[in-house]
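Read through the structure below, which is laid out as structure tokens, and then see the notes.
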Amino acid sequence: MIRRSKRPRPPDEVAFPVTPFLDMAFQLLAFFILTFRAPSPETKLDLYLPSAPIALPDSPRGVVKAPSLDDPDLETDLLVHAEADDKGSLASLRLGETPVDGVGDLETRLRKYARLIPGKNLRVRLVAPDRLRYEEAARVIAASASAGVASIRLVEPKGERR
């Protein structure tokens, strides 16, 4: 007679189907990657720049007054159009519809404009394509700040809206 041992056997292993879970995980990952549209952090961003002491000789060094945006007059909003070449360098600048020779000329013209409207906050909307390199945009922003611009808004060109 054959005797059976009374030792406990290890429990039967339950087959865990990993493949369907991995398939679903990759499908969800692909779905969210393909449908995700990241908001551009640089568009429609008001930058309140400190006044440069050189630009405003009447203000004491180091004292910055917060600009007030209570004045809704549109004549204090200037459009600066920056065009970029294929490599992202600054190809041309326009103040409104007037061509500007460079960043230095832009600063000079903004200073003159700021003198024409004393007591009002001068605001600039920088219209630049996405391919414009950050360094070039920073040069335009720095020139605007040293000319006494109270705030700068970065705007996408009309043809490049997503």
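The values are calculated or read from the model by the stated rules, or taken from the named source; none is laboratory data. Computed from a predicted model, the values in this text were never measured in an experiment. Please note: Cβ atoms are built from the backbone with ideal geometry, for glycine as well, and neighbour counts cover all protein chains shown.
Does G119 qualify as being at pLDDT 80 or above, on the phi > 0 side of the Ramachandran plot and in a loop (DSSP other than H, G, I, E, B)?
Numbers: at pLDDT 80 or above: no; on the phi > 0 side of the Ramachandran plot: yes; in a loop (DSSP other than H, G, I, E, B): yes.
The answer is no for G119.
Quick check on my filter: what residues within the range 122-159 are assigned to a helix (DSSP H, G or I), under 14 Å from the mean Cα position of the chain (by Cα) and not hydrophobic (A, V, I, L, M, F, W, C)? Passing the criteria: Y134, E135, E136. Within the range 91-110, if we keep just the residues that are part of a strand (DSSP E or B) and not aliphatic (A, V, I, L, M), the residue that is surrounded by the most Cβ atoms within 10 Å (Cβ to Cβ) turns out to be R94.
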